[in-house]
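The values are calculated or read from the model by the stated rules, or taken from the named source; none is laboratory data. Since this is a predicted model, take the numbers as computed values, not measurements. Counting neighbours? That spans all protein chains shown, and the Cβs are built from the backbone with ideal geometry, glycine included. Only protein heavy atoms, including side chains, enter the accessible area calculation; ligands, DNA and RNA are left aside. Shrake-Rupley method; radii C 1.70, N 1.55, O 1.52, S 1.80 Å.
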Amino acid sequence: MTEKKINLAESHRLRRLRGSKFLRELVQENDIKVSDFIYPLFACEGQNKREPIAAMPGIERLSVDLLEKEIHELASKGIKSVLVFGVTDRKDAQASQAYAQDGISQRAIHVIKESCPEMVVMSDVCLCPFTDTGHCGLIENKRVANDSSLELIAKTALSQAQAGADVVAPSAMMDGQVAAIRELLSSSGYQDTAIMAYSAKFASAFYGPFREAANSAPQFGDRKSYQMNPANLREAMREIEADIEQGADIVMVKPGMPYLDVIAHARSEFDLPIAAYNVSGEFSMIKAAAERGWIDEQAVVKELMLSFKRAGTDLIITYFAKDLANWLNN
Ligand code: PBG
């Protein structure tokens, strides 16, 4: 009896490798580095404008003329990629500003690429910031229409590629959007533009602060007829598989924190790079608790980023990218 107890204890001393900092580092399974992170940028109309977003402390909408300075600051911190969102009041039924050559996103992408050619410029492809209804597709018979939205979504992606985007990121959750984009890009000479598909994008309450930032809240109803039901994991795998078949280069799970199981499943089933979107609500919750002194922001954020890596994420889109760069560089 005693003998057995001693043997068990000796073979199960997992604390042996936790005894010192260096030893812990030697056996550490995952790591975070600045190049894991993609920083979202909100570009707005006007000159010399910096508009704070109430629920997202430290995040601002910047007019296009301020982007050059911003991008140099990000590059100097070691940030290698940004995800561009255009914000405008110019909205109509056809979302014409989404694919206008001189639209807000196109101008922003152009300035960023001119001022810092090595920066990997990704751009959100969706109609919701540009439709008068705030929905991600066109409205027909009071419904968000799938097939007629595809053409405009593909045009939006092409116009962003023409402006200089390296990666286009369709987020509208219309069926067939990746195929429509891939076809138009290829037939227009942009076969090298990559597609990061928001594949498993859930109809989430965690997007609240973003909709203020991007001025893109739906004017009626909700997004549940196109974004996924948060209850569904198997369906998420079908969405990812469909996007891979249609030509996605990177697939995304969004939101991040409440969907680590989805990331882990995707990691075990697919070999493409997987991105996680650590969305606005996740950011705001941590900022709010930190402001009250209830949590240690830096420790919590680093732990969260590590959890994405452990689950199997390759790239992380996060509003904390700048903070993380400061913390990891010092
Ligand atoms: C556009 C889009 C949304 C987000 C990214 N692209 C909002 C939405 O679907 O309502 C959310 C990002 C965030 O919350 O940080 N379709």
Would you check if there is a residue in the stretch 195-202 being over 14 Å from the mean Cα position of the chain (by Cα) and more than 8 Å from the ligand (Cβ to nearest atom)?
-> no
Could you list, in sequence order, all residues of the stretch 41-91 that are closer than 16 Å to Met119 by Cα, of a type in the set (S, T, N, Q) and surrounded by fewer than 14 Cβ atoms within 10 Å (Cβ to Cβ)?
-> Ser76
Would you check if there is a residue in the stretch 49-59 being closer than 23 Å to Asp314 by Cβ and over 23 Å from the mean Cα position of the chain (by Cα)?
-> no
Unmet criterion (only one of (1) closer than 17 Å to Cys136 by Cα; (2) surrounded by 20 or more Cβ atoms within 10 Å (Cβ to Cβ); (3) touching an Asp or Glu at 6+ places or on another chain (Cβ under 8 Å)) for Asn229 | (2)
Looking only at the stretch 203-233, which residues are acidic (Asp, Glu) and either touching a residue at least 40 places away in the same chain (Cβ under 8 Å) or more than 16 Å from the ligand (Cβ to nearest atom) (or both)?
-> Glu212
How do the pairs read when you match residues in the stretch 134-153 that are assigned to a helix (DSSP H, G or I) with residues anywhere that are surrounded by 23 or more Cβ atoms within 10 Å (Cβ to Cβ) and hydroxyl-bearing (Ser, Thr, Tyr), using Cβ under 9 Å and keeping only pairs 6 or more apart or on different chains?
-> Leu152/Tyr99; Ile153/Tyr99
The residue that is nearest to Pro218 (Cα to Cα), considering only those in the stretch 138-151 that are in contact with a Leu (Cβ under 9 Å, 6 or more places away or on another chain) and either surrounded by fewer than 22 Cβ atoms within 10 Å (Cβ to Cβ) or of a type in the set (Lys, Arg) (or both), is Ala145
Scan the stretch 261-268 and give yes if some residue there is within 15 Å of the ligand (Cβ to nearest atom) and open to solvent by less than 10 Å² (accessible area, probe 1.4 Å), otherwise no.
-> no
Considering only residues of the stretch 141-167 that are charged (D, E, K, R) and modelled with pLDDT of 95 or more, which is nearest to Ile109 (Cα to Cα)?
-> Asp166
